[in-house]
1. Counting pairs of alpha carbon atoms under 8 Å apart in space and at least six apart in sequence, what relative contact order in percent does chain B give?
2. For the stretch A:1-72, give the magnitude of the charge dipole about the Cα centre (Cβ charges: +1 Lys/Arg, -1 Asp/Glu; no others), in debye to the nearest 20.
3. Report D for the stretch B:1-95 in µm² per second (integer): Stokes-Einstein, Kirkwood Rh on Cα pairs, 20 °C, 1.002 mPa s.
4. Quick one, can you get me the convex hull of the C-alpha atoms of the protein assembly as shown expressed as volume per residue in Å³?
5. Looking only at trypsin sites (Lys or Arg not before Pro) in DSSP loops with at most 12 other Cβ atoms within 10 Å, what is the longest site-free stretch of chain B?
6. Where is the GNM fluctuation largest for chain A (alpha-carbon springs, 10 angstrom cutoff): A:Gln45, A:Gln90, A:Gln37?
7. Which one, B:Thr92, B:Ser31, B:Leu63, is farthest towards the positive end of the dipole of chain B when Lys and Arg carry +1 and Asp and Glu -1 on their Cβ?
8. For the stretch B:47-86, what class follows from the C-alpha gyration tensor (a ≥ b ≥ c being the square roots of its eigenvalues): rounded when a/c is under 1.5, otherwise prolate if a/b is larger than b/c, else oblate?
Amino acid sequence: DIQMTQSPASLSASLGETVSIECLASEDIYNNLAWYQQKPGKSPQLLIYYASSLQDGVPSRFSGSGSGTQYSLKINSLESEDAATYFCLQDSEYPWTFGGGTKLELK
Amino acid sequence: EVQLQESGPGLVKPSQSLSLTCSVTGYSITSNYWGWIRKFPGNKMEWMGYISYSGSTSYNPSLKSRISITRDTSKNQFFLQLNSVTTEDTATYYCARYTIATPMDAWGQGASVTVSS
């Protein structure tokens, strides 16, 4: 199975700041990487797919980048509603595997 | 707009079978792919498997022969059965849709299942 190592595990930032979350795959996943946001008690919401494609309805302050084994999610101009857990998913090879998650707290 | 809703027992005894239903509205399960994902206490997530528009299935090898995903197209529902459960199967179970272009883009609310005697 492809292992996904996500960092950091937690993050604290202020409103208006920019943050980045990283995912490292154990092998090349050819941009088959998605990012999700999950708030407590809610189901995950797809933000980014194929490494950098923004899902319909997702604010443009979210962006994804990367290639090969290294990928990142950037959130510009943090808003209060961005407090959530974020996780990556590789959909390059079955079984699909997830990163461990990053809990983003707003100061 | 597609909507998914999981249902089933919230408590299952060890060694028994876990059975969940995903009811889909606003979209036919004879299109695209329909899967199950679970989130363990501590937030680790696991992709369990899917059933396709044609009824073919794919499962996570980690679940070996314990898992079965089936469907009832007349009711627009698909099902998860996980046999011989242990306390390690305690998790929130989600059903989700994905397409050839995007991974899971619509999810159910999640069903919390506890395995305990």
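1. The normalised contact order for chain B reaches 36 percent.
2. Dipole of the stretch A:1-72, to the nearest 20 debye: 340 debye.
3. Translational D for this selection: 157 µm²/s.
4. 112
5. Within chain B, the longest run free of exposed trypsin sites (Lys or Arg not before Pro) spans B:1-63.
6. Sorting by GNM fluctuation, first place goes to A:Gln45.
7. Highest projection toward the positive end goes to B:Leu63.
8. oblate
The numbers here are math on the coordinates, done by the rules we state, and not lab data. Since we're looking at a predicted model, the values are computed, not measured. Cβ: placed from backbone, ideal geometry, glycine included. Neighbour counts: every protein chain shown.
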